[in-house]
Amino acid sequence: MDFDTAIALFWLKKLVSVLILPPLMPFALILIGLLMGRRRPRSGRTLVWTGLVSGLLLITPAPVGLLLEPLEPRQPVSLSAAADAQAIVILGGGRMSNAPEYGGDTVNRITLERLRYGARLSRQTGLPILVSGGAPSGEIPEAILMKGSLEEDFGVRVRWTEPSSLDTRQNARYSAGQLKASGVTRILLVTHAAHMRRARAEFEAAGMQVSIAPTAWLGPRPLGNPVDEEVLPNLPSASSAYAAWFAVHEWVGLLAYRLSR
């Protein structure tokens, strides 16, 4: 697959995801139901109510927690797992364009959460770091921004930079190529807890032995701790809506992973 085709597929996937993920998906169901109302009133009403109910469920903590629970690991990384690894791999999660306080593009908060934990693990273990993330719109690759943040903001050196990937599968394939060339096959994989199931599958398919190092839980916390009210409050909120978007995105990604294997 050439670069132009890969970029076109990337943006097509982004467009489809906008249409099928919250918050647009419930509104789309409602709109279709209203448009169908005159010709097929029963089907129209069903779609309208489906949109309303699904929209409410996707901003309410209890059902959102049910979506997240099968995705997120129940434990953080153990010191014994870290001791067996040869490198830390941190996956990009997005960028912030034209940040005035940084004089241009920088990492977004999702990526920053991963970088912070990766930096902590590197200090604890002494393991070298690989950062992975490309540039679908031809900007500075995300991996370059990640490297800059780790070295300037956290004082942690980056050994490998993978700047070409456009999705999790390419994160795994391109990172594995660099790591294997350096004799590395055992990694600590750092990404969001909700993203870990899909990311781990891709890296293992690329030939890596993966010890998971999840961060930024959105659902019930490990070790039996209660849910943080700032993340999933008792009442519907923007925070629980964000967690629902992340969860649905990962379930769609897992389905795509299985269909494309």
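Of all residues in the range 141-166, which are part of a helix (DSSP H, G or I), open to solvent by 50 Å² or more (accessible area, probe 1.4 Å) and closer than 23 Å to Gly183 by Cβ? The one that is part of a helix (DSSP H, G or I), open to solvent by 50 Å² or more (accessible area, probe 1.4 Å) and closer than 23 Å to Gly183 by Cβ: Lys147.
Yes or no, residue by residue, for (1) under 22 Å from Met208 (Cβ atoms); (2) assigned to a helix (DSSP H, G or I):
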residue: Val53; (1), (2): no, yes
residue: Pro63; (1), (2): no, yes
residue: Leu67; (1), (2): no, yes
residue: Ala83; (1), (2): yes, yes
residue: Asp105; (1), (2): no, no
residue: Arg116; (1), (2): no, yes
residue: Arg120; (1), (2): yes, yes
residue: Gln124; (1), (2): yes, yes
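Candidates in the range 191-219 are the residues that are part of a helix (DSSP H, G or I) and hydrophobic (A, V, I, L, M, F, W, C); of these, the one that is surrounded by the most Cβ atoms within 10 Å (Cβ to Cβ) is Phe203.
Scan the range 129-140 and give yes if some residue there is within 23 Å of Met96 (Cβ to Cβ), in a helix (DSSP H, G or I) and in contact (Cβ under 8 Å) with a residue 60 or more places away in the chain, otherwise no. No, because not a single residue in the range 129-140 is within 23 Å of Met96 (Cβ to Cβ), in a helix (DSSP H, G or I) and in contact (Cβ under 8 Å) with a residue 60 or more places away in the chain. Conditions first: (1) in a loop (DSSP other than H, G, I, E, B); (2) open to solvent by less than 50 Å² (accessible area, probe 1.4 Å). Leu29 passes all but one, so which condition is the exception? Here Leu29 meets the rest and fails (1). The residue of the range 125-140 that is least open to solvent (accessible area, probe 1.4 Å), among those that are of a type in the set (Ser, Thr, Tyr) and within 21 Å of the chain's Cα centre (by Cα), is Ser132. Take the residues in the range 14-26 that are in a helix (DSSP H, G or I) and surrounded by 15 or more Cβ atoms within 10 Å (Cβ to Cβ), then tell me which one is modelled with the lowest pLDDT. So, considering only residues that are in a helix (DSSP H, G or I) and surrounded by 15 or more Cβ atoms within 10 Å (Cβ to Cβ), the one modelled with the lowest pLDDT is Ser17. Taken as a whole, the range 170-190 holds at least one residue that is part of a strand (DSSP E or B) and open to solvent by 20 Å² or more (accessible area, probe 1.4 Å).
Of everything in the range 221-242 that's hydrophobic (A, V, I, L, M, F, W, C) and open to solvent by 70 Å² or more (accessible area, probe 1.4 Å), which residue is modelled with the lowest pLDDT? I'd like the intermediate steps shown before the answer.
Kept after step one, since they are hydrophobic (A, V, I, L, M, F, W, C), are these residues of the range 221-242: 223, 227, 231-232, 235, 238, 241.
Filter once more, keeping what is open to solvent by 70 Å² or more (accessible area, probe 1.4 Å): 223, 235, 238.
Details: Leu223: 60, Leu235: 80, Ala238: 87.
Within the range 221-242, the match that is modelled with the lowest pLDDT is Leu223.
Can Leu218 be described as more than 17 Å from Glu113 (Cα to Cα), out of contact with any strand residue (DSSP E or B) (no Cβ under 6 Å at 6 or more places or on another chain) and at pLDDT below 95? Answer is no for this residue. Counting residues in the range 104-124 that are among the β-branched types (Val, Ile, Thr), open to solvent by less than 20 Å² (accessible area, probe 1.4 Å) and in the same structural domain as Ala201 (by the TED database) gives one or more.
The values are calculated or read from the model by the stated rules, or taken from the named source; none is laboratory data. Here the structure is a predicted model, which means the values were calculated and not measured. Note that each Cβ is placed from the backbone with ideal geometry, even for glycine, and that neighbours are counted across all protein chains shown. These accessible areas exclude ligands, DNA and RNA; they are computed on the full protein's heavy atoms, side chains included. Shrake-Rupley method; radii C 1.70, N 1.55, O 1.52, S 1.80 Å.
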